[in-house]
């Protein structure tokens, strides 16, 4: 049996096919026509047709999307590819392809990929975190993605930063309409914003990370980031008590997070011992497409 996974992103769409043992058979990537809904569906259909022609067989189809389907309407919501919002993406794709398609939020796909055969392989409970342009989260229990009745399980980034300090109130405005969401502090733009607050200079999060060895302000911004990350993840541990927390996204490439954040989070975890492991992802930017494929067992 072949599985096809698709990672539908705002700038690129990636497809990969895997055999029953998880071996990758092919992988393609093309720009996403992000402002054109019909063209996006046509691109997905063409990528699948080309892949199945090369495989010589029909495959199951799983798609990771930058948003989630509303449980009440079945329409896409909260997608940064705005042409997908309020569209019946699943229904339209199934009509086009003539078969069932499974969709999940891209953070859920990331978490599933790392739980199946990545950094958290073999763990019964996994919380996957994407620290990038935004902050996504996904929960996998015994190899199954938890969606929840409102399709928002794991949306940790849109809770307020816990145990806030005075200067963190009320926090920066978030696109969701509130202030002080975890996303506004722990996303890449959040780290860049804090560096600008401390220094008066504008740098990307990647540039801040590169400068920490010779720029005291960059080091201070990252230390503040680590403290906030520890508080935010401590709240996850208090609620879910996962065996493994896996980080993905651009900010996850900062190596010292994996030492410094666990050294801090015990202050806020409601336990005398913290056995949760903080791990860097194994599959990198392939986790989304791999997790989409694993939506089918």
### Task
Within the range 48-63, identify whether any single residue is assigned to a helix (DSSP H, G or I), more than 23 Å from residue 91 (Cα to Cα), touching a residue at least 12 places away in the same chain (Cβ under 8 Å) and out of contact with any helix residue (DSSP H, G or I) (no Cβ under 8 Å at 6 or more places or on another chain), and answer yes or no.
yes
### Message
Can you name every one of the helices (runs of 4 or more DSSP H) wholly within the range 87-187 that holds 2 or more residues which are under 11 Å from the mean Cα position of the chain (by Cα) and surrounded by 15 or more Cβ atoms within 10 Å (Cβ to Cβ)?
### Response
106-117
### Query
Would you say residue 145 is under 17 Å from residue 230 (Cα atoms), in contact (Cβ under 8 Å) with a residue 40 or more places away in the chain, touching a helix residue (DSSP H, G or I) at 6+ places or on another chain (Cβ under 9 Å) and not assigned by TED's automatic domain parsing to the domain that holds residue 73?
no
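The values are calculated or read from the model by the stated rules, or taken from the named source; none is laboratory data. All of these numbers come straight from a predicted model, not from anything done at the bench. Every residue, glycine as well, gets a Cβ built from its backbone with ideal geometry; the counts of neighbours run over all protein chains shown.
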